[in-house]
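Let me begin by presenting the structure, written as structure tokens, before commenting on it.
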Amino acid sequence: MKLTDTACKAAKPAQKPYKRFDGGGLYLEVMPNGNKLWRLKYRYIGKERRISLGAYPLVTLSEARDERTRIKKLLIQDIDPATVKKDKKAELSRNAANTFEVVAREWFDMKSGEWSENYKTKMRLGLEKNIYPFLGHRPIADITPPELLEVLRKIEKRGSLDIAGRTKQICGMVFRYGIQTGKCERDAAADLKGALKTHKTEHFRTLELKDLPEFMKALERNEVRLFERTRRAVWLSLYTFCRPGEIRQARWSEIDFDECLWIIPAERMKMRRPHVVPLSSQALAILQEQRHELAELKTDYVFPSQINWKKPMSDGTVNKAIQRLGYGKELVAHGFRALARTTIRERLGFSSEVIEKQLAHKSPGPLGEAYDRTQFIDERKKMMQAWANFLDAQSAENVIQAKFGRAG
């Protein structure tokens, strides 16, 4: 006789456990302490086995029967339900251990050796602020695209659209690492393409070539009384068109005055590979003046902070100098790169490939990563000197050549 829900409820505990059968191997075992447990008896490879299906009334009679049907179907396929249950339990245990934060920190430790200290700190703080409080405790295998999107929308609501986009990219890298290491099966970030708001792309502000002479005169006259080392940093930015971070963190150990080269180590480069900057006679003169001024400080930095010479010039110093010169709306330090790129190609006739190498941009094509830091070095030396001469020629009063005593 099959069980009913009323019979299940009415079953009272006895001194010893006893069973109430429903058929097909399913029965309710009533324990002396009053607990009622669903069990299923079945045969697999000729042996009788039992499996627990949960406690009544948390698992209802109807649910226990459904589970019996599911298990019978497994047996038809020669699958042991006990093994399936054990594997599922192990998977749940693994998932509980492999939370997003655990996997992300494992990925971070693996990748951080490739990053600069500043970038490493930025990545760590971004995860700790924007992701871990909301998803860090969740098994990475269970996180869904809508769940991740909800967290990214919190960043959007702060108005930090760029950070939201970068955070999605970082999460994507963590998910892909999780897939590679068997900790999850899908990248939840990959399904969010186009789901976030984006800023209209804005290029770094740069000067029109026609405005360059007046800018250079303003820099030379220095009527706004910039510190000399700050002014030299602006000059060197213009002559070398290196990134602002590369300029302000330049070290004397990187400057080879004999070979007229500045060799920036890989850890300070955006693309994480060493970069050679040929130094024109104009750039060398600026560096010589800077070295003479700082001789007694014995600082490692070419452009040390005005407050603490053991640290580099602060981020944004060159941009603030440009603002004080009256060009803040037209130009930022990074814009010197665009100015040089266009002018050298159009006015000086050097090839785009040579220019891109000097800009330390990644080469296109399958061999782009096989980067030789000395590629086109002779051509780049000619180009950098030609660029410096071109800049000096823009000043009708020749004030730059007069100050540094340089030949064109």
Taking 24 Å as the cut-off for C-alpha to C-alpha distance, list the pairs among Lys88/Lys129; Lys111/Lys381; Lys85/Lys183; Lys12/Lys85; Lys129/Lys310; Lys210/Lys357 that go past it. Lys88/Lys129; Lys111/Lys381; Lys12/Lys85; Lys129/Lys310; Lys210/Lys357
Could you give me D for region 209-404, from Stokes-Einstein at 20 °C and 1.002 mPa s, where the hydrodynamic radius is the Kirkwood radius over C-alpha pairs? Units µm² s⁻¹, please. 125 µm²/s
Using amide H atoms built 1.01 Å from N in the peptide plane, name the residues 5+ places from Leu53, or on other chains, whose amide H lies under 5 Å from its own. Trp38, Arg39, Leu40
Amide H contacts of His275 (H built 1.01 Å from N, under 5 Å, at least 5 apart or other chain): Ile264
Looking at the calculated P(r) for region 119-263, what percent of the C-alpha pair distances fall above 19 Å? 67 percent
Per residue of region 15-29, in order, report the coupling 6.51 cos²θ - 1.76 cosθ + 1.60 (Karplus, θ = phi - 60°) as ³J(HN,Hα) in whole Hz, putting x for Gly and Pro. 5, 10, x, 9, 10, 10, 8, 10, x, x, x, 8, 8, 9, 9
If you wrap a convex hull around the alpha carbons of region 5-87, what volume per residue comes out, as a whole number of Å³? 96 Å³
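Please report Rg over Rh for the chain, where both radii come from the alpha carbon positions and Rh follows the Kirkwood definition. Write down the numbers at each step before the final one.
Numbers: Rg = 34.4 Å, Rh = 27.2 Å.
When Rh is taken as the Kirkwood radius, the ratio is 1.26.
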Below 17 Å, Cα to Cα, which aspartates and glutamates can Lys329 reach? Residues fewer than 8 away in the same chain don't count. Glu202, Glu208, Asp211, Glu214
Residues meeting the amide H criterion for Leu26 (H placed from the backbone, H to H distance under 5 Å, 5 or more places apart or on another chain) are Lys41
Computed over region 209-404, the relative contact order (Cα-Cα under 8 Å, seq sep at least six) in percent reads 27 percent
Simple Cβ-charge dipole of region 173-303, Lys/Arg +1 and Asp/Glu -1, about Cα centre, in debye nearest 20: 640 debye
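Computed from the coordinates by the stated procedures, all read-outs in this text should not be read as laboratory data. For clarity, every value in this text was computed on a predicted model and none was experimentally measured. Cβ atoms come from the backbone with ideal geometry, glycine included; neighbour counts cover every protein chain shown.
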